[in-house]
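**Q** This is the structure I have questions about; it appears just below.
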Amino acid sequence: MPDHKLGMAAPRLAAAPVRRMIDGRMSSDPQPADLEVRIWRGRAQGRFERYSVPRRANQTVLDVVTWVQRHREPALAYRFACRVGVCGSCAMTVNGKPRWTCRTHVARVAAKGALTLEPLRNLPVIKDLATDMTPFFEKWQGAGGRFAGSQTRQDPLARVEPASPERQQVDAGIECINCGVCTAACDVVAWRDDYLGPAALNRAWTLVNDVRHAERRALLHKVAADGGCHSCHTQGSCTEHCPVGLDPSGAVSGLKRTTLLSLLREPAP
Ligand code: SF4
Ligand code: SF4
Ligand code: FES
């Protein structure tokens, strides 16, 4: 094991506590000079490796991972693109909770200077911190998450008034960035491989409310089937963790109500 990893003979810098700028302000408490970071290395089988990472003002968890990859472990696998909370690709498990790492400041989640980083739960691990998102997007397809229009290129643009209730229900869920955080936070996804999960069902709910969508009935049948919305326990972990403030739990509840009403109106043959 190289001597840069903690626990080896390499000298630790600045053992004495110091006052420093954290998140743009002078910290009132003494801060350790370095972060103690444990990172999962491997696939389903693997181990934690330890690294000592310099603290910086306004440092994000993604900054920490990038520092380790650039200065200590060139082969460390992780994923990011935009760094500004748009692409949804940087999500990981940070000190036990799923989070987007480019918008998570170290000062908020590691007050004592210790970070444990793992891949997102409930998805296969490709390597280290990178998960395979294939099952996540397959569930989108399984929930009927593809928009189907009813108009042609020659028709005028379909207009849904921004202030209308129909449009506002769509807008409430449309900003999903597909980060997978809600899926990682959901116990039912962990228990049942066939559960469509909060992100796919949130997408389905936006389409149910989209008056332009031509396949709303078929979609309701898909999400009402086994492994669909009625498997949700409504405990709200998805909503609690969604980094962009969506309410997948509320979306699933909306699907439950709508599928039951639709069954009463049109009983299954
Ligand atoms: S509310 Fe439903 S979808 Fe959300 S985390 Fe709980 S079980 Fe999963
Ligand atoms: S609903 Fe929220 S947590 Fe789930 S994938 Fe979309 S943005 Fe991420
Ligand atoms: S890197 Fe794009 S959301 Fe974090």
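A short reminder: the numbers here are calculations on the coordinates, not readings from a lab. The shown structure was predicted, so the numbers you read here are calculated from the model rather than taken from an experiment. Glycine also receives a Cβ, built like all others from the backbone with ideal geometry; neighbour counts cover every protein chain displayed.
**Q** So what J values fall out for segment 229-244 if you push phi through Karplus, 6.51 cos²θ - 1.76 cosθ + 1.60 with θ = phi - 60°, rounded to Hz, Gly and Pro as x?
**A** 4, 6, 7, 5, 8, 6, 8, x, 4, 4, 5, 4, 9, 4, x, 9
**Q** To continue, here is another question. Of the options CYS179, PRO74, PRO119, report the single residue whose Cα projects farthest towards the positive end of the charge dipole of the chain (beta-carbon charges: Lys, Arg +1; Asp, Glu -1).
**A** Towards the positive end, the residue furthest out is PRO74.
**Q** When the Karplus curve 6.51 cos²θ - 1.76 cosθ + 1.60 is applied with θ = phi - 60°, which whole-Hz ³J(HN,Hα) does each residue of segment 115-124 get, with x for Gly and Pro?
**A** 10, 10, 10, 9, x, 4, 6, 6, 9, x
**Q** Taking H as built 1.01 Å from N, whose amide H comes closer than 5 Å to the amide H of ILE177, not counting residues under 5 places away?
**A** HN-HN under 5 Å from ILE177: empty list.
**Q** If you don't mind, another one. Give me ILE39, ILE177, ILE126 sorted ascending by neighbouring Cβ count inside 10 Å, so fewest comes first. If you can, show how the numbers build up before the last one.
**A** Working: ILE39 26, ILE177 19, ILE126 15.
Exposure proxy ranking, most exposed first: ILE126, ILE177, ILE39.
**Q** To test your reading of the geometry: what angle, between 0 and 90 degrees and rounded to tens, separates the Cα axis of helix 198-208 from the longest principal axis of the chain?
**A** 30 degrees
**Q** Using the number of other C-beta atoms within 10 angstrom as an exposure proxy, rank ARG203, ARG167, ARG192 with the fewest first.
**A** On the way: ARG203 25, ARG167 17, ARG192 14.
The most exposed by this proxy come first: ARG192, ARG167, ARG203.
**Q** Cα to Cα, under 27 Å, and not fewer than 8 places away if on the same chain: which lysines meet these conditions relative to LYS97?
**A** LYS5, LYS112, LYS127, LYS139
**Q** Calculate, for ALA218 and ASP171, the FRET efficiency according to 1/(1 + (r/R0)^6) with r their C-beta to C-beta distance and R0 35 Å; round to the nearest 0.05. Can you show the working numbers first?
**A** Working: r = 23 Å, r/R0 = 0.67.
Given R0 = 35 Å and the Cβ-Cβ separation, E is 0.90.
**Q** What are the residues whose amide H is under 5 Å from the amide H of LEU35, where those residues sit 5 or more places off or on another chain and H is modelled from the backbone?
**A** Here VAL53, ARG55 satisfy the definition.
**Q** Could you give each residue of segment 93-108 its phi-based ³J(HN,Hα) in whole Hz, using Karplus coefficients 6.51, -1.76, 1.60 with θ = phi - 60°, and x for Gly or Pro?
**A** 3J(HN,Hα) across segment 93-108, in whole Hz: 8, 10, 6, x, 10, x, 8, 7, 8, 6, 10, 9, 7, 4, 4, 7.
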